[in-house]
Amino acid sequence: MPTPMIHVVDDDEGLRASLVSLLESYDWTVAAYASADEFLRARRPEGPCCLILDIQMPGADGLDLQAELKRLGQEHSIIFLTGHGTIPLTVKAMREGAVEFLTKPFTEEQLMRAVEMAMHRETARMSELQDSAALQALYDKLTPREKEVFAHVATGRMNKVIAGVLNVSEVTIKVHRRRVMDKFGIRTLADLVRIASQLGIELPQR
């Protein structure tokens with residue numbers, strides 16, 4: 001499995017440098033970014049990773065980045081940092097999958113506990129996805145129609161387009177797509193595409 005990595009996204013240069021120094025002292029591999037846009041533009045290695053993300057930044061804020069990653073099918077474990085968190089903000093972030101929500105100033109112990117929790121979640125998810133034998137067994141349990149929909153979804157086609165190709169309703173495609181995701185225990189398109197690649201599924205031409 002690739003080396004786990006922590007991505008720090010914070011517009012405060014001093015805090016960003018302090019976080020990198022602290023995390024590296026615990027032997028984590030760390031990359032730092034001054035903005036959400038800089039993070040999105042960067043080439044990031046595959047493998048387990050978590051984000052330590054300031055929720056309030058100029059331009060796209062932390063919640064914007066969380067939403068964009070979800071839209072791109074790149075959901076990662078996120079630890080949010082904030083100078084003045086509110087309960088509604090915390091609830092929203094956690095509901096969207098954040099691991100922890102730390103209010104500044106936080107302690108070293110609080111941060112490292114959150115990092116360990118995030119990385120445990122990430123490595124467990126990656127290990128599960130990389131277990132080819134288990135994935136093949138799950139794939140074999142799909143119905144012929146579910147396998148057909150699986151292959152089309154893995155190409156990145158929209159539900160409406162797949163429905164037209166297979167001559168069924170869009171609702172039917174949504175039902176089969178959800179069943180496929182549920183049977184594999186996954187939530188994102190990125191995970192589904194990764195499984196298709198790992199299993200060597202032949203995809204229809206776009």
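No lab work stands behind these numbers, since they all come straight from the coordinates. Every value quoted in this text rests on a predicted model; they were computed, and no experiment measured them. Cβ sites come from the backbone with ideal geometry, for glycine too, and all protein chains shown count toward neighbours.
Dividing the mean sequence gap of close Cα pairs (under 8 Å, 6+ apart) by how many residues the chain holds gives a relative contact order of 16 percent. Which listed residue (90, 120, 67) has the Cα farthest towards the positive end of the charge dipole for the chain, taking +1 on Lys and Arg C-beta and -1 on Asp and Glu C-beta about the Cα centre? Of 90, 120, 67, it is 67.
Between the residues 105, 9, 153, the greatest Cα displacement towards the positive end of the dipole of the chain, with unit charges on the Cβ of Lys, Arg, Asp and Glu, is found for 153. Candidate cross-link partners of residue 183 among the lysines, defined by an alpha-carbon separation under 18 Å and a same-chain spacing of 8 or more, comprise 141, 147, 174. Each residue, residue 21 and residue 43, gets one label point 7 Å from its Cα in the Cβ direction; the gap between the two is 3.1 nm. Only helical runs count toward this figure. For the chain, summing -39,500 (n - 2.57) over DSSP H runs of n ≥ 4 and dividing by all residues gives -17000 deg cm²/dmol at 222 nm.
Suppose R0 equals 45 Å. What FRET efficiency, 1/(1 + (r/R0)^6) with r the Cβ-Cβ distance, do residue 12 and residue 124 give to the nearest 0.05?
Taking R0 as 45 Å, the efficiency between residue 12 and residue 124 is 0.90.
Report, to the nearest 10°, how far helix 144-154 tilts away from the longest principal axis of the Cα atoms in the chain, using its own Cα long axis and a range of 0 to 90°. With rounding to tens, the tilt is 40 degrees.
Here the 3J(HN,Hα) profile of segment 63-73, calculated from phi with Karplus coefficients 6.51, -1.76 and 1.60 at θ = phi - 60°, is 5, 4, 5, 4, 5, 5, 5, 5, 4, 7, x Hz, Gly and Pro shown as x.
Placing unit charges on the Cβ atoms only, positive for Lys and Arg and negative for Asp and Glu, gives the chain a dipole magnitude near 1260 debye about its Cα centre.
Determine, from the Cβ-Cβ distance of residue 30 and residue 68 and an R0 of 30 Å, the FRET efficiency 1/(1 + (r/R0)^6), rounded to the nearest 0.05. So, using R0 = 30 Å, E works out to roughly 0.90.
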